[in-house]
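Here's the structure we're looking at; comments come further down.
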Amino acid sequence: MAEVQEVKKQAKEREALFSKKNRQLISDPLNDSNPITVQVLGICSALAITVKLYPALVMSISVLFVLSAGNVIISLMRNYIPNRIRIIVQLVVVASLVILVDQVLKAYVYDVSKELSVFVGLIITNCIIMGRFEAFALANSPWKSFLDGLGNAFGYAWILLAVAFFRELLGSGQLFGYQVVPKSWYLTEGGVYSDNGLMLLPPMALITVGIIIWVQRSKNTALIEED
Amino acid sequence: MDVNKNSYTFTFAAVMVIVVAAVLSFAATSLKEKQDNNIRLEKMQNILSSINVEVERDGAEAVYTDYIKQELVVNNFQPVEGIAAFDIELSKEVVKTPSERNAPLYIAEKEGKTYFILPLRGKGLWGPIWGYISLEQNASTIYGATFDHKSETPGLGAEIKTEVFTSLFPNKEVLDESGEFTGITVMKGNASGSHQVNGISGGTITSVGVQDMIQDCMKAYIPFLKSYEASNTASTNGDNSNPIASID
């Protein structure tokens, strides 16, 4: 432990809590190194749970908790983890955090836990989490790892919510379960509008993510690879 | 300290597993009571919602005892004693043939009318689906229905729990004119008959799951309900023959 505290102290002396470098840990994943659109991690859950905004939001919050708490735990243990079993150790940390979240949700916010049901399990397999543990938390101090966890979770969240926004709006005419497309527009009510059923299916999630990547790269040309 | 020594690796793994196990089992046991209570109250809520009574979870217990007058267990179309209907795990019963099941039946009274509430359980696309359906006293007309699921796709199969779907069921008949059991057929659009409802587009497998669930689960009850209805009608007629009694 002394060693860790020593490292922390040095880090504190070197730079302030919210130095430019530390702020970048949060802001970079929102755009330049976004886990979904740039690193293409966590795609599976982005496809699976973006049919509606509400589950996407709850999923984002859960990932936020698991990723930042997990990053801190891994970072605290980083000097004690045997190299050969580090992946297993990371997996155990994610899995226990996820089970803990699930149990607490079931006891205190039962409705939300029902909404999440399958998705909680999906957090364990979310590549972003293992990716950040392996790439960042194992080599950085707890505070930085925490910021990195927050940043990546936010980067994940905004893509998820953007995709879910379009899918719910165009697929069911609703936002957060509230009808936003007037009922009178629908064909069944004598109007000219119909929900696009394809938006509800996974392929359109992929295409929506693709469009977001397209827009992002045309705005941020630094992301375009040279051939 | 060499963290890559074999002995250290084994010790680390062992300690980690024990610590994690302790933390998780502590969390699970200390939260169990609250979780079980949530599940129990939710079940009451669901049962009540099948007779179109909506309650908040916290108040479910009191309202439940108000409306539900009798909890029965039906086995081989006869009521059986000594089993608590509410505690029966339907998942273990539905694997048996309908007549061998210990099938729970709730009898509710609402605004002076008797309703039969039948629990249902079946298979959706990804996991179990379940629900409650309430029949009017003729054992045929559906009064209300409520469905739920474990892991159907949001926006598709999961729509079975929404009112858009459940509102299709009331006033449909599960018996035909001759009193034979027909169940409810889930159609791909254009449902018209009194034994048909429209399915959910994009949720065909879940919708068919609902159809099969109704078909399968109701079989355990229908003969019993018919005999129950017959005995009850007789007593009602008896009341009518005595005009003074009915004024009260």
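Roughly how many whole Å is it from the C-alpha centroid of segment A:169-227 to that of segment A:68-136?
31 Å
Pairs of Cα atoms under 8 Å, at least six residues apart: use those to get the relative contact order of segment A:53-184, whole percent. Walk me through the intermediate numbers first.
Details: 126 pairs, mean separation 56.9, N = 132.
Relative contact order of segment A:53-184: 43 percent.
How high is the relative contact order of segment A:118-227, given as a whole-number percent (alpha carbon pairs under 8 Å, six or more residues apart)?
Numbers: 57 pairs, mean separation 18.0, N = 110.
16 percent.
Using a 10 Å cut-off on Cβ to Cβ distances, tally the other chain neighbours for every residue of B:9-19 and report the average as a whole number. The partial results should precede the final answer.
On the way: counts 5, 2, 1, 6, 6, 0, 0, 9, 2, 0, 2.
Mean partner-chain Cβ count within 10 Å for B:9-19: 3.
Only counting other Cβ atoms within 10 Å, I'd like B:Phe169, B:Phe26 sorted with the fewest neighbours first. Before the final figure, lay out each step's value.
Values: B:Phe169 22, B:Phe26 10.
If I rank by nearby Cβ atoms, fewest first, I get B:Phe26, B:Phe169.
What relative contact order, as a whole-number percentage, does chain A give when Cα pairs under 8 Å and 6 or more residues apart are counted?
Values: 267 pairs, mean separation 71.8, N = 227.
Normalised by residue count, the contact order of chain A is 32 percent.
Using the Cα atoms of chain A to build a convex hull, what is its mean projected area in square nanometres? Don't jump to the answer; show the numbers that get you there.
Numbers: hull surface 63.5 nm².
Quarter of the Cα hull surface area: 15.9 nm².
Considering the alpha-carbon set of segment A:63-118 alone, what are its Rg and its Dmax in angstrom?
Every Cα atom of segment A:63-118 included, Rg and Dmax give 13.4, 41 Å.
For A:Lys21, list the aspartates and glutamates whose Cα falls under 19 Å from its own Cα; do not include residues on the same chain fewer than 8 positions away.
A:Glu13, A:Asp32, A:Asp148
Across all directions of projection, what mean area in square nanometres is found for the Cα convex hull of segment A:116-165? Walk me through the numbers on the way to the answer.
On the way: hull surface 15.5 nm².
Directional mean of the projected Cα hull area for segment A:116-165 stands at 3.9 nm².
Which angle from 0 to 90°, rounded to the nearest 10, does the C-alpha axis of helix A:142-172 make with the longest principal axis of chain A?
10 degrees
To the nearest Å, what is the center-to-center distance of segment B:21-90 and segment B:157-236, using C-alpha atoms only?
23 Å
From the mean inverse distance of alpha carbon pairs (Kirkwood) and the Cα radius of gyration, derive Rg over Rh for chain B. Before the final figure, lay out the partial values.
Details: Rg = 23.1 Å, Rh = 20.4 Å.
Answer for chain B: 1.13.
Running a GNM on chain A with Cα contacts under 10 Å, which residue among A:Glu168, A:Glu189, A:Glu134 ends up with the highest mean-square fluctuation?
Among A:Glu168, A:Glu189, A:Glu134, the largest mean-square fluctuation in the Gaussian network model of chain A belongs to A:Glu189.
If I histogram all Cα-Cα distances within the protein assembly as shown using bins 20 Å wide from 0, what percent of pairs lands in each bin?
20, 43, 28, 9, 1
Going by alpha carbons, how many degrees (0 to 90, nearest 10) lie between the helix axis of B:204-218 and the longest principal axis of chain B?
Orientation of helix B:204-218: about 60 degrees from the principal axis.
Over 29 Å between Cα atoms, which of A:Lys114/B:Lys113; B:Lys92/B:Lys161; B:Lys69/B:Lys172; A:Lys20/B:Lys5; B:Lys96/B:Lys172; B:Lys69/B:Lys161 qualify?
Values: A:Lys114/B:Lys113 33 Å; B:Lys92/B:Lys161 23 Å; B:Lys69/B:Lys172 24 Å; A:Lys20/B:Lys5 39 Å; B:Lys96/B:Lys172 27 Å; B:Lys69/B:Lys161 26 Å.
Beyond 29 Å: A:Lys114/B:Lys113; A:Lys20/B:Lys5.
If I take R0 = 45 Å and measure r between the Cβ atoms of B:Ile83 and B:Leu24 in this structure, what FRET efficiency does the formula 1/(1 + (r/R0)^6) give, to the nearest 0.05?
Details: r = 34 Å, r/R0 = 0.75.
In this case the efficiency is close to 0.85.
From other protein chains only, count the Cβ atoms within 10 Å of every residue's Cβ in A:105-112, then give the mean. Spell out each step's value before the answer.
On the way: counts 2, 8, 11, 4, 1, 8, 3, 0.
Mean shielding by partner chains, rounded to a whole number: 5.
No value in this document is a laboratory result; all are computed from the given coordinates. Bear in mind that the values here come from a model prediction, so they are computed numbers and not experimental data. Don't worry about glycine lacking a Cβ; one is built from the backbone with ideal geometry, like all the others, and counts go over all protein chains shown.
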